[in-house]
Every structure is written in structure tokens, then in C-alpha cells.
Amino acid sequence: MIFLLYLLYLLILYGAIMAGVLHIGFDGHGLRPVEIINDVFGSPPWATLTLFLAIGIPTVLQFFYPSILALLRRDTIAFLSGDWWRVITPLFVQDGGLGGSIFNLVGLLFVGAVAEHLWGGPRLLFIFFIAGIASEFVALVWQPVGAGNSVADFALAAGICILCLARNPFRLERLFAYSVLGAAICLLALHDIHGAATALGGIISLVLILLDRRISTQPG
């Protein structure tokens, strides 16, 4: 079961990154492989880098001061007792040890850079925090104790895929995007909070797209 979960996690992150990179690199005449990296990383993704530092600093500190993790992690009993911040602060610390911390932070860098290129910095932050916090509320029931920014990373992955699908993607891009959504459905069926995070990120992204279309069709 653990192997299956990790496989689905990797599928979602890798699939979203590939869908986004293909979308960025396709100009109507074909892919531009040499120029894709410049398109994504040509200008620093400031919102992503800010998140990386904001999460990375307390993550590093928690290994020297374990009380930080105990104070900031998700804990349903503590939350119900009045620790309201425990639906926000779990995004800034990690419960997966060194390996899990590296996975979450590296995932943020790659998924965040692609998402920021497609959505822009303000909307990246909006999806990250709204879907991330909403996922923490789900996790209060499904996984009462835990921490990590991975749920918000998965929300960004969904945002990439929904935006790509809304822009008439070509076949390979569509294949990656649908594989991400299929993996999210599997995680939801397993009551995994990453599946809920992916679904919430997709819903929020879809609402943003529909609002944009409604505004663009309004007269004047």
C-alpha cells in the first residue's frame, strides 16, 4: 500500500510538471525544447522562492528544535482545544523526516515554478494557501496528526493541469493532465489527504478560470 501511495504521489507531481512544461513549450508549430527552460526559469519565480524560504527555514530549525514541529503540526485534539493556528502552520513544517522534507521542498520548487509561470505569483499563493488550509481541515478527520507542505504542492499540481486542459491542449499534454486527475481520484478513494488537496486545488483553479471567462465576456 505504501508503494502504491508513493507511486501515485510521483505520478501527480511528475505528470503536472510535464503537462505544464509541454504547455509552455508548445507554440502551435511544435515543441521548443531548448527554449522551455528559459521560459520557465528565465526570470526568477519570486513567489515560489518566497514560499521555499518561508517553509524551508522552520523545516531546518525543527531538526535542531523538535518542539517547533510539536507546536506547529496538525493535531486535531489540540485544534479542538483552541490551537486554531494548527490548520495553517502545518504547511510550514514537515513530519516525514529528512527525506520527506527534501521531497516536499524540491517538489515545491519545480511545481511552483511551472505553476507561477502559468498562473502568476498572486494566484499561485492564493491556490497554495486556500487549498492547503482547506486540505488541513479535511486532514483533521482523515489524518489527525501530521505536517508538510505537500498538500499545497499537490493543489498547485492540480492547478497546472486544470489550466492546461482549459486551453485546448495537444494530445500528450492532455494525457499527462488526465493521468494526474486519475491518480487524484485513486487517492481520494483511499482517503488520502493528498487526493483531497489535489481535488481542492482543481476546484479552486476551475473557479478562477470561469471567473476570468465571465469577466472577459462582460461588455465594456
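Each reported figure results from applying straightforward, stated rules to the coordinates on display, with no laboratory input. Because the structure is predicted, anything quoted here is derived from the model rather than measured. Note that each Cβ is placed from the backbone with ideal geometry, even for glycine, and that neighbours are counted across all protein chains shown.
General remarks:
- For the chain, built as a Gaussian network whose Cα springs stay under 10 Å, the top-fluctuating residue of TYR65, TYR178, TYR14: TYR65
- Relative contact order computed over region 96-220 (Cα-Cα under 8 Å; 6+ residues apart), in percent: 30 percent
- Computed over the chain, Cα set: Rg, Dmax in Å: 17.4, 59
- Taken about its Cα centre, the chain carries a charge dipole of about 320 debye when Lys and Arg each add +1 at the Cβ and Asp and Glu each add -1 at the Cβ.
- Efficiency of FRET from Cβ geometry, VAL60 and PHE126, R₀ 25 Å, rounded to 0.05: 0.40
- 19 Å tail of the calculated P(r), region 164-218, as % of Cα pairs: 41 percent
- Relative contact order (%) - criterion: Cα under 8 Å, at least six apart; region: the chain: 27 percent
- Max mean-square fluctuation residue, GNM over the chain, Cα-Cα springs under 10 Å, options GLY159, GLY82, GLY132: GLY82
- Degrees separating the helix 150-166 axis from the principal Cα axis of the chain, which is the longest one: 20 degrees
- Here is how the number arises for the chain: DSSP H runs of 4 or more residues each give -39500 (n - 2.57), the sum is divided by the residue count, and the result at 222 nm is -25500 deg cm²/dmol.
- Along region 180-194 the Karplus relation, 6.51 cos²θ - 1.76 cosθ + 1.60 evaluated at θ = phi - 60°, assigns HN-Hα couplings of 5, 5, x, 5, 5, 5, 4, 5, 4, 5, 8, 6, 8, 5, 5 Hz to successive residues, with x for each Gly and Pro.
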